[in-house]
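Each reported figure results from applying straightforward, stated rules to the coordinates on display, with no laboratory input. This structure is a prediction, so every number in the text was calculated from the model and none was measured. All Cβ positions, glycine included, derive from the backbone under ideal geometry; neighbour counts span all protein chains shown.
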């Protein structure tokens, strides 16, 4: 059981190195309940609230008229993120948020940087902020479910992936991640139904094909024991 669970979790996070950035938004392929929190409350602790932002040596790369542009900071954060410089990217996103606190894309990107730094609880707060401003933000729901799975909060992760599917029913990645959450919870037959749905959408989806095989083996093993 432990081996199968580890395989399923690995499949959930498969592709985390293949981060996709589209339209200035980070999507981690590896994503609560649906209440919305106040995004202006999202700092890690009181110390952070009092501490001024420490800016990286980025401003010289901007023209003067862009230095106070939150979109410029966000785009620079994306470049840093793409290079694996996650701490610096996080600082850039914080600077952008200080100027434009109601931008869900920037909050999502901050969450992605925090997730890469394995600061998953803080990442969840950032994703919540993104969703407060855009409740139908599928990428933020996806990333949030992944962070919840990293924290082994699989029921909540399942809720997040189901929200992704509600918003994007033809997204095979969402169905795959729902499958993994169900499987880790031991709900193998539901998981098999979900992965078959993914394969109806994308018949050549390699991860889904592999996952389906693991699930079928697990179900056969369970029946044999009975």
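In table form, for the structure just shown:
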{"read-out": "Spacing of the two label points (7 Å from each Cα toward its C-beta) at residue 98 and residue 69, in nm", "value": "1.9"}
{"read-out": "Neighbour-count order for 90, 158, fewest beta carbons within 10 angstrom listed first", "value": "158, 90"}
{"read-out": "Ranking of 100, 222, 139, 116 by count of other Cβ atoms within 10 Å, fewest first", "value": "222, 100, 116, 139"}
{"read-out": "Per-q log10 I(q)/I(0), the range 120-188, q = 0.21 Å⁻¹ (Debye; single scatterer per alpha-carbon; no solvent)", "value": "-0.79"}
{"read-out": "FRET efficiency estimate (nearest 0.05) - Cβ-Cβ, residue 83 to residue 217, R0 45 angstrom", "value": "0.65"}
{"read-out": "Estimated Rh, the range 108-156: Kirkwood, alpha-carbon pairs, angstrom", "value": "10.3"}
{"read-out": "Fewest-first ranking of 217, 204, using other Cβ atoms within 10 Å as the exposure measure", "value": "204, 217"}
{"read-out": "Additional length obtainable on full extension of the chain from residue 134 to residue 210, 0.36 nm per residue less Cα span", "value": "24.0 nm"}
{"read-out": "At 1.306 mPa s and 10 °C, Stokes diffusion of the range 73-156 via Kirkwood alpha-carbon radius, µm² per second", "value": "128"}
